[in-house]
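Step one of this worksheet: look at the structure below.
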Amino acid sequence: MEYPRPQLRRAAWRSLDGPWQAMLDDLAVCADPSEVDWDRTIVVPYPPEARASGVHDRGYRRRVWYKRQIQLDPSMAPSRDERLILHFGAVNYRARVWVNGRFAVEHRGGHSPFSIDVSRHLDGSLLEVVVQAEDDPQDMHKARGKMDWEPEPHKIWYPRSSGIWRTVWIEKVPRAHVSQLRWTADVASWQIRLDADVAHVPEGGMANVTLKLGDKLLVADRCLLTGPRLSRIFQLPDPGIDDARALWMWSPESPQLIDAEIEIRTADGNLIDSVQSYTALRTVSVEGDRFVLNSRPYYLRMVLDQGYWPDSLMVASSDQLRHDVLLIKRLGFNGVRKHQKSEDPRWLYWCDVLGLCVWGEMPSAYGFSSATVHGVMEEWKELVERDISHPCIVAWVPTNESWGVPELMNDRRQVDFVRALYHMTRALDGTRPVVGNDGWEMPCGDLVCVHDYEQDPKVLVERYGSRDAVAYTLQHVQPDRRRLVIDGFTGVGKPLFLSEFGGIALMKTSEEPGWGYSKAKDGKELLARYQQLMAAVHACRPLSGFCYTQLTDTFLEKNGLLTEDRVPKAPVEALAKATRGPDAHLQDWHLDPLGHARRWLARRGPDFPIEWTRVGEIAEVLAYPGERQGVVNGSASGPNDPGPDDPPASPPTGPGGFERRSRGGAGARARRKAA
């Protein structure tokens, strides 16, 4: 999936990623494009701090300037009845955009997308775009996530991502077109609702909506457009019994999607606009102290994923995004907490397609002020609206560990801000649970989420092994010296998650830079300790799920199950067995490396490529370069395979930094043994 917006796709689009003229305006000297000395080239969408950008400059800067000129070919040049839309996936932090020398728009928010209709600025077929990206690298009152305010990464913070750091693209649309979609499913009533915004509705215009489950036509709906807002509720044919219903619903074990097409037509039936989309029958809720998926209690096995890559920081290709989802599934997890980052919508697409539950999280500010309130609220609203239709998202996390509200215990305004974020999120989306403050100092929330890096498995069982123990822990135990619940919120009777724990680092020597919450000297020790922690957590029956820290090493944090190059630190099969727990063998999905149910695998059809489910087991696969050595300090390499210290072979390269490998090659054999 290369399309930057997977749930609203059109044929006429073009990526503007690639080389742009640029200037690093460290002191914010230039105020207008005419003052800029275009003295270098930068590869968009990589930030200048990333090696992949061609700049790799991690110094402080207030502004980055960008310029790109393109000639629109006939397929993209808009006619009188068409419009050209310029899209930015994310620009950090304040973006000001000029089109063909005319100022066009300003947007604030370093993680959310924005778009511009540039049609009125066009001069023939020439499109010139200039962007001024302004960001105070030491401003602690804006949403910044894990971007460091110090010159170099320290502790749990990483290099900054200045300027443009997500795809820039153009899209040609008819004057009357679908501008936004929202899908909402209700499993209890067996219905799917569509809410769509339609720009410039034509007189007597009609909307046609088609829904398909594979080749089966479910809905063919036609209605009159009476205004710019289209709302339709589709009653699907309910098969009734759970066994038949299961083949229609989305879950990590059976990620069934429903294809959709929306057309806008004139009164006499001529096609104006057509968009492709998808949705799913999937409902999440809370019933007592249990998290519920599709009307049944569901246990979440999540991993913390921060979404960084060594050479490109927060940016990744679609193949890299897909590969990460595959690895998470292969490690036995059915969910992921995307931590302090609004991830690329293409990553959410792969979570939808491959079946992975996601907790969507707001990148935090660190200081509290009125600027924090305004900025975080507005940006969080934009991110929720961007991602609200993805079936993989099952919970929202607007606040983490009191970041941005450091005096929750003493400042009533900060408590009210956390509550306001919680209630605003519920108002925007009443179909998913919302976390009040993930980790501790929770004044509200649909879920109770505790961060506890206790390394003794017995202590974890003592704290969370019974309901009485949980009640005592919530009131009296203070992991990281923080109260868990505050302001009259008890958390009792709500679903409980150990939403951060573990954090075992693999470090050969004490002199090695980096850290973890505890250290293992090799892969064998890491695996043994991981198995012990997982056994303890699975024994804590009051828990509705967990989130292990973390998926990959990330700069100084060396506590990933994988290195930063995505190399497993222990045999994947053994890690997955511990992750899935002692009862996994009771379910047929435990036989599949990605945790898919046998019935769903049997019906997935020829359009579901085998390489999505059997990495390394097909004649030709795309392999991320980090896989080339199998396992770090493990025993996955065969006698004829390269060892951890041997230089890897140089196979032919594939797209996006990936490598093509044959089934019989040494790398493929190593991966089959490791996984």
- Taking the range 102-135 on its own, how many of its residues are open to solvent by 60 Å² or more (accessible area, probe 1.4 Å), within 24 Å of Lys338 (Cα to Cα) and not in a strand (DSSP E or B)? 0
- Message: Can you find a residue that is of a type in the set (S, T, N, Q), over 30 Å from Asp319 (Cα atoms) and without any contact (Cβ under 8 Å) to a residue 12 or more places away in the chain anywhere in the range 362-376?
- Response: yes
- Message: With the requirement that a residue be over 23 Å from Gln276 (Cα atoms) and of a type outside the set (D, E, K, R), what does the range 326-356 give you?
- Response: Leu326, Leu327, Ile328, Leu331, Gly332, Phe333, Asn334, Gly335, Val336, His339, Gln340, Ser342
- If we scan the range 25-38, do we find a residue that is open to solvent by less than 30 Å² (accessible area, probe 1.4 Å), acidic (Asp, Glu) and more than 19 Å from Ile85 (Cα to Cα)? yes
- If you check Arg301 against the conditions, is it on the phi < 0 side of the Ramachandran plot, buried (at least 16 other Cβ atoms within 10 Å of the Cβ), at pLDDT 95 or above and of a type in the set (Lys, Arg)? yes
- Taking interchain pairs and intrachain pairs at least six residues apart, which have beta carbon atoms under 7 angstrom, with the first residue in the range 124-142 and over 20 Å from Tyr66 (Cα atoms) and the second open to solvent by 40 Å² or more (accessible area, probe 1.4 Å) and outside any strand (DSSP E or B)? Gln138/Trp149; Met140/Trp149; His141/Ala371
- Of all residues in the range 221-241, how many are out of contact with any Phe, Trp or Tyr (no Cβ under 6 Å at 6 or more places or on another chain) and either open to solvent by 80 Å² or more (accessible area, probe 1.4 Å) or assigned to a loop (DSSP other than H, G, I, E, B) (or both)? 13
- Message: Given the condition outside any helix (DSSP H, G or I) and touching an Asp or Glu at 6+ places or on another chain (Cβ under 6 Å), answer yes or no: does some residue in the range 314-333 qualify?
- Response: no
- How about the range 79-100: which of its residues are in a loop (DSSP other than H, G, I, E, B), under 17 Å from Ser125 (Cβ atoms) and at pLDDT 95 or above? Asn100
- Task: Might you check whether a residue that is of a type outside the set (Ser, Thr, Tyr), outside any loop (DSSP other than H, G, I, E, B), modelled with pLDDT under 95 and over 28 Å from the mean Cα position of the chain (by Cα) occurs anywhere in the range 189-208?
- Result: no
- Message: So in the range 247-265, with the set limited to residues that are farther than 21 Å from Val358 by Cβ and aliphatic (A, V, I, L, M), which one is modelled with the lowest pLDDT?
- Response: Leu247
- Query: Name the helices (runs of 4 or more DSSP H) wholly within the range 409-483 that hold at least 1 residues that are open to solvent by less than 10 Å² (accessible area, probe 1.4 Å) and more than 30 Å from His374 (Cα to Cα)?
  - Reply: 457-464, 467-476
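The values are calculated or read from the model by the stated rules, or taken from the named source; none is laboratory data. Predicted model, so just to flag it, every value in this text is computed and none were measured. Here the Cβ is made from the backbone with ideal geometry for all residues, glycine too, and neighbour counts use every protein chain on show. Ligands, DNA and RNA are stripped out before the accessible areas are found, and what is left, the full protein with its side chains, is counted by its heavy atoms. Shrake-Rupley method; radii C 1.70, N 1.55, O 1.52, S 1.80 Å.
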